[in-house]
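Remarks on the structure that follows.
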Amino acid sequence: MRTIDLVFAGMFAALMAVGANIAQFLVVGGVPITLQTFFAILAGLLLGSRLGAISMTVYALVGFVGAPVFAQFTGGPGILFKPTFGFILSYILVAYIAGKIIESKAKPTLRTFMIASFTAFILNYVLGTNYMYFAYKFWAMAPEGFTYGMAWMWMLAPLPKDIIMSIVAAVMAPRIYKAVNKSSQRSESRVA
């Protein structure tokens, strides 16, 4: 890995920690309202599949070892048993898939960025919500009358924010993508 790759990976891991706690007091049905989906998508769009997934893995590992980088300033191995852990796992795949879609085009267009952003957003919701449902059903204390439909109802609260932020990520990413790639190409030519 090049130095610039390490910087970008570290930067997105730090942005995830900030995004996790920017609105840490908002919780609906056990689901904190955060900007993590936005930053995970953006990591994939800008850094590509490999580096985007690495940055999200670094974020997850930093939190897993105890740093309070997860929503509501939590961290530690106990996160494995929380119903929202599925979202944390999904961020790695979200960044990877968003990056793969962008990498599939020689010159990605705004349409490509939109497709990548919304594919990753949907993946985040499907994986995270299903994990949450099974966690509540099998090991977490589910609220009275908890159903699969209720898990998805809880996701309606952050849905408008995540749709808007997915659009924002897709719209702003092309310009940043070009700048990042130019910077990377310049640093590669200096090394060569």
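Every read-out reported here was derived from the displayed coordinates using simple, explicitly stated rules and does not represent laboratory data. Since the structure is predicted, the reported quantities are computational estimates derived from the model, not experimental observations. When we count neighbours, we look across all protein chains shown, and the Cβ atoms used for this are built from the backbone with ideal geometry, even at glycine.
Taking the Cα centre of the chain as origin and charging only Cβ (+1 Lys, Arg; -1 Asp, Glu), how large is the dipole, in debye to the nearest 20? The partial results should precede the final answer.
Values: 14 positive and 5 negative charges, 151 e Å.
Dipole about the Cα centre, nearest 20: 720 debye.
Only helices at least 24 Å long along their own axis, judged from Cα atoms, and with Kyte-Doolittle mean hydropathy of 0.5 or greater: name those in the chain from DSSP H. Don't jump to the answer; show the numbers that get you there.
Working: long enough: 3-21 (28 Å, 1.60); 36-64 (25 Å, 1.51); 85-103 (28 Å, 1.68); 110-138 (42 Å, 0.82); 159-191 (45 Å, 0.06).
Sorted by number, the helices that extend far enough and score high enough are 3-21, 36-64, 85-103, 110-138.
Counting only helical runs of four or more DSSP H residues, what would the 222 nm mean residue ellipticity of the chain come to if each run contributes -39,500 (n - 2.57) and the total is spread over all its residues?
Values: 6 runs with 136 residues, N = 192.
It lands at -25000 deg cm²/dmol.
Using 1/(1 + (r/R0)^6) with R0 = 35 angstrom and r between the beta carbons of E144 and I167, what's the FRET efficiency to the nearest 0.05?
Efficiency computed from Cβ-Cβ geometry: 0.45.
Treating only the Cβ atoms of Lys and Arg (+1) and Asp and Glu (-1) as charged, compute the dipole magnitude of region 1-109 about its Cα centre; round to the nearest 20 debye.
Values: 6 positive and 2 negative charges, 48 e Å.
Its charge dipole is roughly 220 debye.
Provide, for the chain, the number of lysine pairs with alpha carbons under 20 Å apart, each pair being eight or more places apart or on different chains.
7
Quick check for you: which residues of region 153-180 have the amide N under 15 Å from the point 7 Å beyond the Cα of V7 toward its beta carbon?
What the label zone holds, given the 15 Å backbone N cut-off, is 179-180.
What's the long-distance tail for the chain, i.e. % of Cα pairs beyond 19 Å?
Numbers: 10600 of 18336 pairs.
That fraction is 58 percent.
Quote the FRET efficiency, to the nearest 0.05, computed for A157 versus F73 with a Förster distance R0 of 22 Å and r equal to the Cβ-Cβ distance.
Numbers: r = 20 Å, r/R0 = 0.93.
That gives a FRET efficiency of 0.60.
Which is farthest toward the positive dipole end of the chain among G19, P160, F8, measuring Cα position about the Cα centre, with Cβ charges +1 (Lys, Arg) and -1 (Asp, Glu)?
The residue sitting most towards the positive pole is F8.
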